[in-house]
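Structure first, then comments.
What follows is calculated from the coordinates using simple rules that are stated; it is not laboratory data. Fair warning: this is a prediction, and the values are worked out from it, not measured in the lab. Ideal geometry is used to build each Cβ from the backbone, glycine not excepted, and the neighbour counts take in all protein chains shown.
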Amino acid sequence: DHKNYDAPTGLLRDKVILITGASDGIGRALAIETARLGARVILHGRNAAKLEKVYDAIEAIEGSERPSIAVMDLATADGTSYSTLAESLLEEFGRLDGLVHNAGILGNRQPIEQYDAGEWQKVLHVNLTAAFALTQVLLPLLHQAEQPSVIFTSSGVGRVGKPFWGAYSVSKFGTEALSQILAAEQEHTGMRVNCINPGAVRTGMRLAAYPAEDRDALKTPEQVLASYLYLLGPDSKEITGQSLDAQ
Ligand code: NDP
């Protein structure tokens, strides 16, 4: 069962894995764990200082591969930012084995009647359009890998619409669709493409959404990584077009 997948030592040895939103929350925990399992991790985020702390945490792991940092604000990145990133990855690694679309923003919780149009655009842009653009520019590098794996991050509200969750919920529905479409289009190449719904996790985003809830009752990011590791490693090589629940 992927939720309880017990990643063996060295599972991701020499795998080149890019994680978006690696500066905090689930992305940060996943970056550290994939590095512990041998991966060469590219830490993407918008805040260089926060990414450097994750870099240091990985450097402190004995035997870990030195990570790379890719600073790019998904809200403002343009075509040049994406192609520059792809070119530098091509030069440094020559391929990409794993791409984890984890970065995301919550946006306002408001009824549609009042939902701010600018906020709507921003949430859809960061959560959905940026994942499309990044995937597209990185496909040639993914095709250079033997068993490439792409993971999108969904949510419970990406499967059933939730009142007041507006653009966030819509962006996660769109993410599920993007994942299914890409999975079908790429099946003949051997690339696998799946979605993960992490479930309720003790992060800044969850706290912003539910400020009054008991934080201690929530799983930590470190406790929900099994499904991600399963999808990144060779044990999932037949799995594509799925949407998994991490809890
Ligand atoms: P966090 O807010 O803790 O982390 C979000 C990450 O995304 C941070 O690294 C953040 O960077 C980055 N990010 C946000 N906006 C941008 C941007 N414009 N450009 C680049 N990076 C950006 O959230 P979680 O760890 O909780 O969420 C991770 C994923 O899981 C998201 O896709 C979320 O929707 C999904 N999810 C989370 C759930 C939960 O309970 N926590 C439940 C269901 C889904 P910075 O550090 O600079 O802010």
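A few notes on this one:
- Relative contact order (percent, whole number), the stretch 1-48, Cα cutoff 8 Å, 6+ residue spacing: 44
- The stretch 1-44 - Debye-derived log10 I(q)/I(0), Cα point model, q = 0.15, 0.18 Å⁻¹: -0.36, -0.50
- Over the stretch 140-247, relative contact order from alpha-carbon pairs under 8 Å, at least 6 apart, %: 32
- For the chain, the relative contact order works out to 21 percent when only alpha carbon pairs closer than 8 Å and six or more residues apart are counted.
- Over every Cα atom in the stretch 4-81, the radius of gyration and the widest Cα-Cα span, Dmax, amount to 12.7, 40 Å.
- Between K3 and A200, the simple spin-label model (points 7 angstrom out along Cα→Cβ) gives 1.4 nm.
- Calculated FRET efficiency for the pair A177/N108, C-beta based, R₀ 25 Å, to 0.05: 0.60
- Positive dipole terminus of the chain, leading residue within G158, A86, N102 (C-beta point charges): G158
- For the listed peptides 218-229, 110-121, a ranking on the average number of other beta carbons within 10 Å per residue, highest first, reads 218-229, 110-121.
- The Rg/Rh ratio of the stretch 153-247, with both radii computed over alpha carbons and Rh defined as the Kirkwood radius, is 1.02.
- Reachable aspartates and glutamates from K15, criterion Cα separation under 19 angstrom, eight or more residues apart if same chain: D6, E33, E59, E62, E65, E87, E91, E92, D97, E146, D235, E238
- Förster radius 30 Å - calculated FRET efficiency between A60 and T84 (Cβ-Cβ, nearest 0.05): 0.55
- Potential extension, T129-D14 segment - 0.36 nm per residue separation minus Cα distance: 38.4 nm
- Between the beta carbons of R215 and D73, assuming R0 = 25 Å, the FRET efficiency works out to 0.35 to the nearest 0.05.
- Mean residue ellipticity (222 nm) of the chain, computed from DSSP H runs ≥ 4 via -39,500 (n - 2.57), nearest 500: -11500 deg cm²/dmol
- More than 34 Å apart - percent of Cα-Cα pairs taken over the chain: 10
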